[in-house]
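Derivation of every value follows stated rules applied to the coordinates shown; laboratory data play no part. Keep in mind the model is a prediction, meaning the values are calculated, not measured. With ideal geometry, Cβ positions are generated from the backbone for all residues, glycine too; neighbour counts draw on all protein chains shown.
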């Protein structure tokens with residue numbers, strides 16, 4: 001079974017708006033990672049947050065982690081058309097990544 | 001200068017055939033993985049090798065056999081292909097040791113079994 005579950009499944013926003021997606025998971029983790037997948041392509045790593053961290057930033061990305069609620073969120077600020085993709089959270093425990101089904105984000109020009 | 005490459009990109013074959021997918025990484029990583037992504041985009045780990053040694057072997061039919069001739073290559077051989085094997089297969093690699101480390105994915109191989 002999948003470890004992480006993303007919410008919402010799909011998101012459509014206007015260029016310039018912010019996009020927020022959430023991830024919930026079930027078991028303990030060492031760290032949580034977010035990946036992006038453009039249509040027909042492989043996954044690209046975006047950001048990694050360790051289990052003892054609460055928030056992390058990378059450019060227009062902001063990730064939070066709440067281990068007490070077993071949840072994480074990914075915020076993309078000032079979205080661009082190029083941000084159109086599927087976004088996956090992946091929990092990492094003992095060298096194994098467990099992925100959710102992803103959130104499909106469409107950014108309208 | 002492709003980091004993780006897979007061949008072929010597309011593979012269409014009939015049930016019962018045997019096929020292989022090749023993966024190579026030029027990142028100098030010690031660990032490589034095979035994932036399967038189904039039509040609903042669920043991505044599931046199948047195997048992982050560290051320095052040519054199998055370290056993760058999920059519940060995968062034994063028709064699937066990974067082979068790592070060296071730490072830069074991890075191939076996937078599938079015997080007696082079934083309709084349910086149709087999916088996109090991704091190879092990935094990462095550093096090993098005291099991490100954590102992100103994984104680098106190949107472009108995927110879309111397998112269609114008819």
One finds, for residue A:66 and residue A:41 with R0 = 35 angstrom and r their Cβ-Cβ distance, a FRET efficiency to the nearest 0.05 of 0.70
7 Å from Cα along Cα→Cβ at both residue A:20 and residue B:80: what's the point-to-point distance in nm? 5.2
Relative to the compact globular guide of 2.2 N^0.38 Å, what is the alpha carbon radius of gyration of chain A, as a ratio? 1.00
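What is the Å³ per residue value for the convex hull set by the Cα atoms of chain B? Please report the intermediate quantities before stating the final value.
Details: hull volume 11.1 nm³, N = 114.
Output value, Cα hull per residue: 98 Å³.
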Over chain A, what relative contact order in percent results from Cα pairs under 8 Å that are six or more residues apart? 40
Scaled by the rule-of-thumb 2.2 N^0.38 Å, the alpha carbon Rg for the protein assembly as shown gives a ratio of 1.02
Descending packing, highest mean Cβ count within 10 Å first, for B:40-49, A:10-19 is B:40-49, A:10-19
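So for each of B:60-66, A:87-93, B:75-81, A:41-47 I average, over its residues, the number of other beta carbons within 10 Å; can you give me the resulting order with the highest mean first?
Taking the mean over residues of other Cβ atoms within 10 Å, the ranking is A:87-93, A:41-47, B:75-81, B:60-66.
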Amide N proximity, the stretch A:66-83 versus residue A:57 label position 7 Å along Cα-to-Cβ, cut-off under 15 Å: A:75-78
Counting DSSP beta bridges in the stretch A:5-108, what percent are antiparallel, to the nearest 5? 90
